[in-house]
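The values are calculated or read from the model by the stated rules, or taken from the named source; none is laboratory data. Quantities reported herein were computed from a predicted structural model and do not represent experimental measurements. Every residue, glycine among them, receives a Cβ derived from its backbone with ideal geometry; neighbour counts consider all protein chains shown. Just the protein is used for accessible areas: all its heavy atoms, side chains included, with ligands, DNA and RNA removed. Shrake-Rupley method; radii C 1.70, N 1.55, O 1.52, S 1.80 Å.
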Amino acid sequence: MPPAVTAAVIAVIGIGLAPVGWDMASKDWGLALATFAIAVAVAVATRGMVKLIPVLIAVVAGYLISAIVGKVDFSGVASAPWFGLPAFVTPTFSVEAISLIVPVVVMLVAENLGHVKAISAYMDRDLTPEVGSAFMGDAVATFVSALGGGTGQTTYAENIGVMSITKVFAIRPLQVAAATAILLGLVPKFGALVSSIPVPVMGGISFMLFGLIAGTSSKVISTAREDWGSLDNFGVFGISVALCTAMVARGTQIQLGPVALDAIGASTFAALLLNLAIVVLKKLSPVAEQPVEEAVADTAPAAATGS
């Protein structure tokens, strides 16, 4: 998957998820914009430890504002117990369900690759050798989760957006965060507290994070040494993004048999298939221009023989 495809996948993730943040924020634009403004202000106008946690500060501030104006329902927090275990269930197998979900895996592979590329762009470090480990981590985590009836595990654009703001990419803090999340998962009262956060507050933060994800595609483009004036690159990127934008604007899906693709899924497949079609056509065409590096490699033996 060349930079054009990964940049397109990153862009459509942000664009495709933006309506979710919009819908959440639209329930109370005052709270959403206040939360959004606090996050931006902390991220650009502070320093030190405070600058590293603008999302947390904005959510807490938005929560307090909501509580002051009486828009937080504390009833769930009061009634929730302090300790509890999740409801484990044994897995069941369904050929129909498996046939429906398998095509989605192709989309998730491209989406996860886009996430890895996004982090690479943030870090200015090539994480391509780690892609296999990232895929395997998702697969093992999903398998273990499914054994107890849990949901599928995959990378999340929101978390990558947070990493882009905090500039914290080290593994150790993420491991501590994971262990803390597991322990807090045993405290239903904490879960109820998180659930009591007003939707508009999370909407303001989510819209900002999704925007950051979409903007990361420009980082991939700017750092890739490609001819972005050709259909091979900018065409693949532009057509995929245009498809995603059109589907989001019209609120439509593409139905492929029993599988319904949303804007992100359809645009991801479009980028993959268009890039593959271009590569195959250029290989099969006897008159297509060769890339410069291939042309140099083809003429090198002849030049050596002639000398």
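One table, with the values for the structure above:
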read-out	value
Expected 222 nm ellipticity per residue - DSSP helices of 4 or more, -39500 (n - 2.57), all of the chain, to 500	-23500 deg cm²/dmol
Test item: Cα-centred dipole of segment 19-157, Lys/Arg +1 and Asp/Glu -1 on Cβ, debye	440 debye
Whole-percent carbon and sulfur share, accessible surface of the chain, 1.4 Å	71 percent
Distance (nanometres) between label positions extended 7 Å along Cα→Cβ at Leu147 and Gln175	2.1 nm
Segment 1-112: Cα Rg divided by the 2.2 N^0.38 Å rule of thumb	1.55
log₁₀ of I(q)/I(0) at q = 0.20 Å⁻¹ - segment 114-257, Debye sum with one point per alpha carbon	-1.49
Approximate spin-label separation Gln253-Ile101, in nm, with each point projected 7 Å along Cα-to-Cβ	1.6 nm
Alpha-carbon centroid distance for the pair segment 78-117 / segment 222-272, whole angstrom	24 Å
Karplus-derived HN-Hα couplings along segment 189-195 (A = 6.51, B = -1.76, C = 1.60, θ = phi - 60°), whole Hz, x at Gly and Pro	5, 5, x, 5, 5, 5, 5
The chain, relative contact order [Cα under 8 Å, separation at least 6], %	37 percent
Net charge, Cys244 excluded, C-beta distance under 13 Å - Lys, Arg +1, Asp, Glu -1	-1
Area of Val20 that stays accessible when all protein chains are in place (1.4 Å probe, Å², to 10)	70 Å²
Reciprocal of mean inverse Cα separation for the chain (Kirkwood radius, Å)	22.1 Å
